[in-house]
Amino acid sequence: MFAQLEHEALTVDSPALASVVRSCCALKARVVEADEHETAKEGGRALLNLGHTFGHAIEQVTGYGAYLHGEAVSIGLAAAARLSRKLGHLNAGQVERIEAVITAHALPVRLREVLPLAALMTAMARDKKVRAGALRFVVLKSLGEAATQGDVDIALAEQSFREVGAV
């Protein structure tokens with residue numbers, strides 16, 4: 001699907017839109033069915049939250065009005081891709097491809113205005129994926145393969161946030 005979205009930016013009028021939505025819904029249903037209450041220690045339903053750890057922090061800091069949820073998550077996805085690169089899972093070209101697909105679909109990959117890093121990190125610490133006081137991130141092991149990872153140096157998350165416009 002990534003390759004399809006990379007070659008065809010979808011709009012409301014795109015003939016492929018219905019098929020992509022059906023595929024996404026079927027995938028989500030399989031993931032939710034396998035981990036309905038998000039109890040898996042690794043992976044599971046949390047994988048549906050790729051980009052959300054960063055995105056929810058953006059929403060909290062901006063008061064849930066400056067960004068639509070999809071916009072905050074798209075910036076979060078860009079930050080998660082950058083974090084995945086810092087962890088050695090992706091290369092620079094793959095991060096660029098991810099950001100190009102996001103941008104081609106009229107979504108942002110950077111903050112519109114500068115947001116304070118300290119506030120973003122405080123908000124991120126309240127994420128539902130925090131376990132035993134430690135943040136767990138959904139990262140990309142490769143294009144199309146997400147995983148949860150809890151042993152992330154917080155400085156790498158801070159660097160990823162800075163790269164999308166935080167200070």
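Laboratory data are not the source of any read-out in this text; all were calculated from the coordinates shown. Everything numeric here is computed off the predicted structure, so don't read it as measured data. Cβ: placed from backbone, ideal geometry, glycine included. Neighbour counts: every protein chain shown.
Could you size up the charge dipole of the stretch 2-163 around its Cα centre, putting +1 on the beta carbon of Lys and Arg and -1 on that of Asp and Glu, and report it in debye to the nearest 20?
Here the size comes out at about 280 debye.
Using a Förster distance of 25 Å, how high is the FRET efficiency between C24 and Y64, based on the Cβ-Cβ distance and rounded to 0.05?
It comes to 0.55.
Show me the trypsin sites (Lys or Arg not before Pro) within the stretch 7-90 that DSSP assigns to loop and that have at most 12 other Cβ atoms within 10 Å of their Cβ.
Hits after loop and neighbour filter: K41.
How high is the relative contact order of the stretch 80-143, in percent, counting Cα pairs under 8 Å that sit 6 or more residues apart?
Over the stretch 80-143, the number comes to 47 percent.
Kindly state, to the nearest 0.05, the FRET efficiency for A104 paired with V167, given R0 = 30 Å and r defined as their beta-carbon distance.
The calculated FRET efficiency here is 0.65.
For the stretch 1-49, build the convex hull from the C-alpha positions and give me its volume per residue in Å³.
85
Expected output is a single nm value to one decimal: the length gained when fully extending between D151 and E6, i.e. 0.36 nm times separation in residues minus the C-alpha distance. What is it?
Length gained, D151 through E6: 49.1 nm.
Express the relative contact order of the stretch 2-163 as a whole percentage, based on alpha carbon pairs under 8 Å and six or more residues apart in sequence.
Computed value for the stretch 2-163: 26 percent relative contact order.
Kirkwood Rh, the stretch 2-163, all Cα pairs: how many Å?
16.3
Could you work out the per residue convex hull volume over the alpha carbons of the stretch 1-91, in cubic angstrom?
135
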